Each structure stands twice: as C-alpha cells, then as structure tokens.
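Have a look at the structure below, then the notes.
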Amino acid sequence: MKLKQRLVLLAALLVVFILAKVFLLDGGEGSVASRQDLRAFQRMEGGLRLQRGARLDHTLQSPWEVAAQWVGPREVYPDETPELGAVLAAMATSRIERADVGYKGTQLKALLVLEGGQKVVFKPKRYPRDYVVEGEPYAGYDRHNAEVAAFHLDRILGFRRAPLVVGRFVNLRTEIKAVASEQLLGTFLMQGNNSCFYGKCYYCRESEPACAEGDVMEGSVTLWLPDVWPLQKHRHPWGRTYREGKLARWEYDESYCDAVKKMAPYDSGPRLLDIIDTAIFDYLIGNADRHHYESFQDDGGASMLILLDNAKSFGNPALDERSILAPVYQCCMVRVSTWNRLNLLRGGVLSSALRTATAHDPVYPTLAEAHLAALDRRLEGVLTIVRQCVETLGADSVLVEDRMRLSHS
C-alpha cells in the first residue's frame, strides 16, 4: 500500500474513532458498550410497570424467600424480576405480627415483623406531597414517599442497590397497638381524634409525634436485608461536618479526590465508582445527608455501596444542591454504563419512567409534579458536568468501563 493510501486510511480510521466517541457522549449506539446498555435500558423499561396486588405464581417459596435469594455482592435484586410486584404487594398487605421501636438513628421509624417472620422498617407520613422543606438540604423530618420514589429511581438507573420499598396504609389501633412492644406502646398518644406515636430515636419528641388520620396512617415499608448479609458502616469520604462554620476538606480542596484515590478501599476495585454513582443518585433526589454508607461486611471493598436511608430526599424541588456532585466534578470520572443510562433518560424520559414505575404503589402519586420536573432538570446538570470533564480531560480519562458483576456466593 502506498504511503498516500496509508495516510488516507489512517485519517479515515481516526474520523471513525472520533465519531464513535462523540456518538457515545451523545448517548448513541455507536459501540458494543452502548448497544449493551441500550438493551439493558429496554429491559428496564419493559419491566417498569408493576401489577397492583400481584401474587406469586408458585407456592413453593414465600415472597421473603424469593427476595432473599436475589441479594448478591453487587445487587439487591437482579436485572429482571417478574416477581417484584408480588413481593412489594406482600410487603404492603401482609399481616403485622409484631411492632417495636425502630433501630438506632435520628428519625422516627418502627420495626415491624410481617407474617412469615419478615422484618420491615416503617416510616410514617410527616408532610403532604407539596410541602417544601426550607433551610439546609438535609433539614426536616424523613419523607416516607421519598423512600418509595428513590427505590424506583434505583431501578430506573439500573443500579439495583436499594432495598425494596413500598407504600403502605396501617391502622395504628388494630394493626400496630395490638401487637406493639411495651416500649413502642408507651409512645402512643391521641391528638383530637387522631392516633399518634413518637417512637424512640435521637430526635424523637413527645411534642412532635407522627399522627394518623383517625387511626389510619400512611407510610413506607422497607424490606430488611437478609441476616446472612451483615452490613458494615463506613464514613463517607465526601461527608459534611454538620457544624456551622467548619468545612470538610472536600469543600475547600479541589484536589481532594487525588487523596481519596490513595485510601483503601478507594484505591482499587469498584468502590470509588460506586461513590460517584451514588453522588449522581443523591443529586437527582436532592439527598445531601449521606454522611455514612453501608456495604456488606468483610467485602474487601468489592461489594456495592448499598443505597439505604433515602428519606431526606425530595424536600425542596427548587433547590439543586450542586455540592452533592463533588465526587463527580472533583474526580471527573463516571462509569460508561451510568453515562449511557443517563443519556437515555434525557428529554423527560426520567420523570415519565418514575411515574410509570410508581403507578402501582398504594400511596401513588409518590411525588408532586414539581419534584418530577426537578429530576429532569437535575439530570441535565449532571450531564453538563460530565461533558465539561470530557472537554478538559478527554473521554478516555473520564468514561470508565467497569461492568463488575460478582457471582452470588
């Protein structure tokens, strides 16, 4: 081949390479990775709509056994879960056998044991859907509807790292007080004709109870992860100080990510990319309160970052707290699969998907329209930041191919 022909061929290959990169950055199908991610997106879309009141087709296993078998080091539930609707329906309707105060924490909750011995965490309704939580982005009571919406957003994003959540109405008098522990029962009171309780937690006060409408209380229930998967708690490297006038290092040191990359478990394995995924997830839902996070115990940094406790979300639809994205704009890296999924959710697809995913839920609509619009707006903000990173550092440095899937063991 003559030199001129070689140069023409090289130039043509270079153009194809550049176009492929551009196509990927626009969320297209120009690579094997993009096609793989598009198929995964289509599977997600096909499974979004869940049947209200679904039941398991077989009787050999309980809903709790089905859900327990789903859990693995890198996912709480698999890519395709035809039984998901039935498991959520069981969470929303199964008889409550026992009720007790919630596990340790700052916010009001109750620990319920459903028929068949399955533990769930119940978080009561504190605000109407259109209530705007003013102040700091982590202010206010927990929002039960935020837990429901965040779980389904986890499905839509393809992370599958959030425990199962569903809305539920409970009768405090007949379903809870009748089976409550003495400790929980001691926190019940009446306000007018409404049954209320205030539980036991760091911020729980008799003067600030959660109240039902009459005896019926709206809330969310979160499925307890199987005991065979014990949790380990970690301090979030981008956690806030929660002290007025005192900044965390990441808030003033723009090179902070370089220091994080030298610390275990962020110096190898998937954990740093999980942190970045979580930052995107938290920014979309407006959660600035992830000061700690959980993984499975003794994982050596290989298990997922589990998306627990998402109730400090969807507080103020007008507030886009950019600092939540600090891991993204300081590290300037993101999974290719995450990037492709975000691009496929542009143009209102994200909010539409969340409406579809939650339509079956007993407490639908889970979010006010302002919060759904905020999701689409914040998504564009994430995409803008990643594009800026690509323009500065190049796609090869920013978009990381990491499709780690560990076997269920």
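Within the option set H360, H408, being open to solvent by 10 Å² or more (accessible area, probe 1.4 Å), part of a loop (DSSP other than H, G, I, E, B) and modelled with pLDDT of 95 or more holds for one residue only, H360.
Tallying residues that are open to solvent by 30 Å² or more (accessible area, probe 1.4 Å) and hydroxyl-bearing (S, T, Y) within the stretch 257-286 yields 1.
The strands (runs of 3 or more DSSP E) found wholly in the stretch 215-326 and carrying at least 3 residues that are under 30 Å from V170 (Cβ atoms) occupy 216-223, 292-296.
In the stretch 289-303, which residue that is open to solvent by 10 Å² or more (accessible area, probe 1.4 Å) and not acidic (D, E) is farthest from R74 (Cα to Cα)? Applying the filter and picking the extreme gives H291.
Tell me the residue from L350, L367 that is of a type in the set (A, V, I, L, M, F, W, C), in a loop (DSSP other than H, G, I, E, B) and in contact with a helix residue (DSSP H, G or I) (Cβ under 8 Å, 6 or more places away or on another chain), please.
Details: L350 fails: in a loop (DSSP other than H, G, I, E, B).
Of L350, L367, the one residue that is of a type in the set (A, V, I, L, M, F, W, C), in a loop (DSSP other than H, G, I, E, B) and in contact with a helix residue (DSSP H, G or I) (Cβ under 8 Å, 6 or more places away or on another chain) is L367.
Looking for something part of a helix (DSSP H, G or I), open to solvent by less than 30 Å² (accessible area, probe 1.4 Å) and touching a residue at least 12 places away in the same chain (Cβ under 8 Å) - is there at least one such residue anywhere in the stretch 99-110? Let's see the steps before the verdict.
Keep residues of the stretch 99-110 that are part of a helix (DSSP H, G or I), which gives none.
Within the stretch 99-110, not a single residue is part of a helix (DSSP H, G or I), open to solvent by less than 30 Å² (accessible area, probe 1.4 Å) and touching a residue at least 12 places away in the same chain (Cβ under 8 Å).
Looking at V166, V179, V132, V170, which is the one that is farther than 22 Å from S313 by Cα and under 27 Å from the mean Cα position of the chain (by Cα)?
Values: V166 fails: farther than 22 Å from S313 by Cα; V179 fails: under 27 Å from the mean Cα position of the chain (by Cα); V132 fails: farther than 22 Å from S313 by Cα.
Answer to the selection: V170.
Which members of the stretch 54-79 meet the condition of being of a type in the set (A, V, I, L, M), over 20 Å from H152 (Cβ atoms) and either within 17 Å of the chain's Cα centre (by Cα) or at pLDDT below 95 (or both)? Spell out how you get there, then give the answer.
Restricting attention to the stretch 54-79, the residues satisfying the condition of being of a type in the set (A, V, I, L, M) are 54, 56, 60, 66-68, 71, 76.
Those left that are additionally over 20 Å from H152 (Cβ atoms): 56, 60, 68.
Passing the criteria: L56, L60.
Looking only at the stretch 86-118, count how many residues are at pLDDT 95 or above and within 30 Å of P270 (Cα to Cα). Residues that pass the stated criteria total 2. If we scan the stretch 113-124, do we find a residue that is open to solvent by 10 Å² or more (accessible area, probe 1.4 Å) and farther than 30 Å from D57 by Cα? Looking through the stretch 113-124, none of the residues is open to solvent by 10 Å² or more (accessible area, probe 1.4 Å) and farther than 30 Å from D57 by Cα. None of E254, E218 is under 24 Å from Y283 (Cβ atoms), of a type in the set (D, E), under 27 Å from the mean Cα position of the chain (by Cα) and open to solvent by 20 Å² or more (accessible area, probe 1.4 Å) except E254.
The values are calculated or read from the model by the stated rules, or taken from the named source; none is laboratory data. Treat the numbers as computed from the prediction; the structure is a model and nothing was measured. In this analysis, Cβ positions are derived from the backbone assuming ideal geometry, glycine residues included, and neighbour counts consider all displayed protein chains. For accessibility, only protein heavy atoms count, side chains too; no ligands or nucleic acids. Shrake-Rupley method; radii C 1.70, N 1.55, O 1.52, S 1.80 Å.
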